[in-house]
Amino acid sequence: MSLVKVKSKYQIVIPEDIRKKINVAIGDTLEIEEKGGVLVIKPVMVINKAQAYFWTDEWQEGEKAAEEAKKKGKFKEFKKAGEAVKWLRS
């Protein structure tokens, strides 16, 4: 157990051993909530609204399906974009 002191502006320093355990770095965002008189601090990822669609359940299911199809060799691969365009037009 580590003890920390509340500093000016109510800032605290997260001890190094805990930062390493939960993989927190400078600039990361943390969620802090109170549960029964205890502070619970969790690292969170903030997602840009323009990219939020990618994290929807529907999109992630499509990503998984595409990965499975790729593993099964159901994808045609091209080395250059021009080759892909030519194939699509044929």
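Values quoted throughout were computed directly from the atomic coordinates according to the rules given, and no laboratory measurement underlies them. Predicted, not measured: the structure shown is a model, and the values here were computed from it. Cβ coordinates were reconstructed from backbone atoms using ideal geometry, including for glycine residues, and neighbour counts include every protein chain displayed.
A few comments on the model shown:
- For region 20-36, the Karplus equation 6.51 cos²θ - 1.76 cosθ + 1.60, evaluated at θ = phi - 60°, returns couplings of 5, 4, 9, 6, 9, 10, 4, x, 5, 9, 10, 9, 10, 9, 9, 10, x Hz by residue, with Gly and Pro reported as x.
- Dipole of the chain computed with +1 at Lys/Arg Cβ and -1 at Asp/Glu Cβ about the Cα centre; of Pro43, Tyr10, Trp59, farthest Cα towards the positive end is Trp59.
- When you restrict to C-alpha pairs under 8 Å that are six or more residues apart and normalise by the size of the chain, the relative contact order lands at 12 percent.
- Centre-to-centre separation between the Cα atoms of region 4-43 and those of region 49-90: 39 Å.
- Stokes-Einstein D in µm²/s, Kirkwood radius over Cα pairs - the chain at 37 °C with 0.692 mPa s viscosity: 179
- The HN-Hα couplings worked out from phi for region 65-76 by the Karplus form 6.51 cos²θ - 1.76 cosθ + 1.60 (θ = phi - 60°) are 5, 5, 4, 5, 4, 5, 4, 8, x, 8, 10, 9 Hz, whole numbers, x standing for Gly and Pro.
- Volume in Å³ per residue [convex hull over Cα atoms, computed for region 49-89]: 108
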